[in-house]
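See below for the structure under consideration.
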Amino acid sequence: MTVDLRIPAELPAAAEAYAAAGIKVFRVRRNKTPYANCVRCDQKNSQYIPHRPEECRCGVPTCHGFWAATTDVDLVRRWWREEPDANIGAPCALNGWAVLDIDPRHGGDKSLAVLEQRVGVLPGTVMQLTGGGGLHIVYRTPGISLPGTLGPGLDVKHNGYILLAPSLHGSGGRYQWSGHGRFLQPAVAWPAALTPQARRAA
Ligand SMILES: [Zn+2]
Ligand SMILES: [Zn+2]
């Protein structure tokens, strides 16, 4: 599906726009504390029923963090009506993405330079500025498990989630897509040179 979205400036409208475009989103609190699971999904509760989050059938839409992410526009509208300031989270693999997360505060720019010396310049794709000086480089997921990190300040977000523009970064800046604020569904595959198999062969 081709997605080319102009992202509204307000979080509730933006969350709805993503969901309507088929991107799974969920609420993330500013302090990142998760929403509570229901008693049947809470491992510390006596009524807990053992199950995998991705197979949950409890029907409570906030259980299991990013596993609750949805493209249901009505539900998304309700979530952000309840909490208009909630940031917009998007699970990476569940949306078909594998994301290089570069945090210069922890040396991510240097790690990227070292990586590109080794494997060559990475193919250009969709990018997001994090609002805290960081950068997300968004590729299509290769559909296999990936390492969590490729060096100091250079993480791989795949099983986890990222925040989407115009979410507010802890430093006070806002997340922003680099292409004039437009979001394009990434068409470029995760570089084969960054898969564990390729790393072992190197
Ligand atoms: Zn539940
Ligand atoms: Zn559950």
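Beta carbons closer than 9 Å, at least 6 apart along the sequence or on distinct chains, pair a first residue in the stretch 100-119 that is free of Cβ contacts under 8 Å to residues at least 60 places away in the same chain and closer than 16 Å to residue 134 by Cβ with a second that is among the basic types (Lys, Arg) and in a helix (DSSP H, G or I) for 104/110. Filter the stretch 133-178 for residues that are in a strand (DSSP E or B) and open to solvent by 30 Å² or more (accessible area, probe 1.4 Å) and give the result. Passing the criteria: 135, 140, 149, 155, 157, 161, 168, 174, 176.
If I ask for residues that are surrounded by fewer than 16 Cβ atoms within 10 Å (Cβ to Cβ) and in contact (Cβ under 8 Å) with a residue 24 or more places away in the chain, which ones from the stretch 179-191 would you list?
From the stretch 179-191, those surrounded by fewer than 16 Cβ atoms within 10 Å (Cβ to Cβ) are 179-182, 184, 187-189; that's our starting set.
179, 181, 182, 184, 187, 188, 189, listed by residue number.
Scan 56, 63, 38, 92 and give me the residue that is of a type outside the set (Gly, Ala, Ser) and within 16 Å of the chain's Cα centre (by Cα). Walk me through how you get there before you give the answer.
Working: 56 fails: within 16 Å of the chain's Cα centre (by Cα); 63 fails: within 16 Å of the chain's Cα centre (by Cα); 38 fails: within 16 Å of the chain's Cα centre (by Cα).
Going through 56, 63, 38, 92 in turn, the sole match is 92.
What residue, of 106, 51, is closer than 20 Å to residue 148 by Cβ and surrounded by fewer than 19 Cβ atoms within 10 Å (Cβ to Cβ)? Selected residue: 106, the only one of 106, 51 that is closer than 20 Å to residue 148 by Cβ and surrounded by fewer than 19 Cβ atoms within 10 Å (Cβ to Cβ). Can you confirm whether residue 78 is modelled with pLDDT under 95 and over 30 Å from residue 192 (Cβ atoms)? No.
Scanning the stretch 34-53 for residues that are more than 10 Å from ligand 2 (Cβ to nearest atom) and in contact with a helix residue (DSSP H, G or I) (Cβ under 9 Å, 6 or more places away or on another chain) returns 34, 35. Confirm whether residue 88 is assigned to a loop (DSSP other than H, G, I, E, B) and either within 16 Å of ligand 1 (Cβ to nearest atom) or buried (at least 18 other Cβ atoms within 10 Å of the Cβ) (or both). In short, no. Listed by first and then second residue, the pairs with beta-carbon distance under 6 Å, at least 6 apart or on different chains, first residue in the stretch 133-159 and without any contact (Cβ under 8 Å) to a residue 24 or more places away in the chain, second open to solvent by 50 Å² or more (accessible area, probe 1.4 Å), are 149/155. Residues in the stretch 19-70 that are within 13 Å of ligand 1 (Cβ to nearest atom), in a loop (DSSP other than H, G, I, E, B) and in contact with a Gly (Cβ under 9 Å, 6 or more places away or on another chain): 34, 35, 37, 38. Scanning the stretch 9-38 for residues that are loosely packed, with under 12 Cβ neighbours inside 10 Å, free of Cβ contacts under 8 Å to residues at least 12 places away in the same chain and at negative phi yields 31, 33.
The values are calculated or read from the model by the stated rules, or taken from the named source; none is laboratory data. As the structure is a computational prediction, the values presented were derived from the model and not from experiment. Here the Cβ is made from the backbone with ideal geometry for all residues, glycine too, and neighbour counts use every protein chain on show. The accessibility values were calculated without ligands, DNA or RNA, using every heavy atom of the protein model including side chains. Shrake-Rupley method; radii C 1.70, N 1.55, O 1.52, S 1.80 Å.
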